[in-house]
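Take a look at the structure set out below.
The values are calculated or read from the model by the stated rules, or taken from the named source; none is laboratory data. The structure displayed is predicted, hence computed values, not measured ones. All Cβ positions, even for glycine, are placed from backbone atoms using ideal geometry, and neighbour counts span all protein chains on display.
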């Protein structure tokens, strides 16, 4: 897959967002293996006359170190695609490979382990546990996976500018702080893939910009970020923009 460089700046538009200055994408090599390889994905919701084909033959590759934005209107299938790639849902047709594993073939037990170790999730709503501090929320996935990583949790919070939030409860944090705690929580088990579904949808522009920059920094080395958004300005921070329309993907 070809990694594109910067494209000329354009007028602001949800269809043709401006690319902002960022890191220079690593040139692809012949032996480079995609972190995500999805082929021919199909998903239908409903039955009979009410059935709606949300994805119809969708295909996508995501390289290690890459940030890819899925851009489309509400209901276009962006979240469905993230759920299939993250092992939350199963495709009715097609294949999904993440880090060399065919996750569409995994058992429910194997999928649970896969979600706990290989993928991190960031949602529009923060889903923090109100009774837990920032640090305790970050540590929760590690504890559920059978490990304890207090030092890593603190390091993640510090790296996201949240050193003061470690011992605070969610209701004392701003929306932007809560979303950055959610990002730290998604990274605590060191997943190679971070899936972000409308992560700025509940934030003011200033807080949203901080969260997007945090996600931008996550996509490096062997880790990739797949971002679903309907905001062209948010998508402009990505290395590539993939448009989701009529159940299919186009670049």
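In segment 188-210, which residues are outside any loop (DSSP other than H, G, I, E, B), at pLDDT below 90 and buried (at least 20 other Cβ atoms within 10 Å of the Cβ)? Once the filter is applied, which keeps residues that are outside any loop (DSSP other than H, G, I, E, B), at pLDDT below 90 and buried (at least 20 other Cβ atoms within 10 Å of the Cβ), segment 188-210 yields only 208.
Residue 139 falls short of the stated requirement of being buried (at least 17 other Cβ atoms within 10 Å of the Cβ), assigned to a loop (DSSP other than H, G, I, E, B) and touching a residue at least 40 places away in the same chain (Cβ under 8 Å). One residue stands out among those in segment 81-125 that are assigned to a loop (DSSP other than H, G, I, E, B) and under 14 Å from the mean Cα position of the chain (by Cα): the one that is surrounded by the fewest Cβ atoms within 10 Å (Cβ to Cβ), which is 125. Is there a residue being over 17 Å from residue 78 (Cβ atoms), touching a helix residue (DSSP H, G or I) at 6+ places or on another chain (Cβ under 9 Å) and surrounded by fewer than 18 Cβ atoms within 10 Å (Cβ to Cβ) anywhere in segment 222-237? So far as segment 222-237 goes, no, none of its residues is over 17 Å from residue 78 (Cβ atoms), touching a helix residue (DSSP H, G or I) at 6+ places or on another chain (Cβ under 9 Å) and surrounded by fewer than 18 Cβ atoms within 10 Å (Cβ to Cβ).
Select from segment 51-98 the residues that are over 19 Å from residue 197 (Cα atoms) and without any contact (Cβ under 8 Å) to a residue 60 or more places away in the chain and list them in ascending order. Those that are over 19 Å from residue 197 (Cα atoms) and without any contact (Cβ under 8 Å) to a residue 60 or more places away in the chain: 51, 52, 92, 93, 94, 95.
If I filter segment 69-80 for residues that are out of contact with any strand residue (DSSP E or B) (no Cβ under 9 Å at 6 or more places or on another chain), modelled with pLDDT under 90 and loosely packed, with under 15 Cβ neighbours inside 10 Å, do I get at least one hit? Within segment 69-80, one or more residues are out of contact with any strand residue (DSSP E or B) (no Cβ under 9 Å at 6 or more places or on another chain), modelled with pLDDT under 90 and loosely packed, with under 15 Cβ neighbours inside 10 Å.
Only residues that are at pLDDT below 85, within 20 Å of the chain's Cα centre (by Cα) and within 16 Å of residue 97 (Cβ to Cβ) were counted in segment 21-68, giving 1. Restricting attention to segment 91-108, which residues are out of contact with any strand residue (DSSP E or B) (no Cβ under 6 Å at 6 or more places or on another chain) and on the phi > 0 side of the Ramachandran plot? Scanning segment 91-108 gives 99, 100. Can you pull out the residues in segment 180-197 that are touching a helix residue (DSSP H, G or I) at 6+ places or on another chain (Cβ under 7 Å) and under 14 Å from residue 158 (Cα atoms)? 180, 181, 183, 184, 185, 187, 188 - these are the residues of segment 180-197 that are touching a helix residue (DSSP H, G or I) at 6+ places or on another chain (Cβ under 7 Å) and under 14 Å from residue 158 (Cα atoms). How many of the residues making up segment 219-234 are farther than 19 Å from residue 175 by Cα, at pLDDT below 90 and not in a loop (DSSP other than H, G, I, E, B)? Qualifying residue count, segment 219-234: 2. Consider segment 211-221 and keep the residues that are surrounded by fewer than 17 Cβ atoms within 10 Å (Cβ to Cβ) and in contact (Cβ under 8 Å) with a residue 24 or more places away in the chain. The one that is nearest to residue 127 (Cα to Cα) is 213. If you take the residues in segment 161-179 that are in contact (Cβ under 8 Å) with a residue 12 or more places away in the chain and part of a helix (DSSP H, G or I), which one is nearest to residue 218 (Cα to Cα)? Among residues in segment 161-179 that are in contact (Cβ under 8 Å) with a residue 12 or more places away in the chain and part of a helix (DSSP H, G or I), the one nearest to residue 218 (Cα to Cα) is 179.
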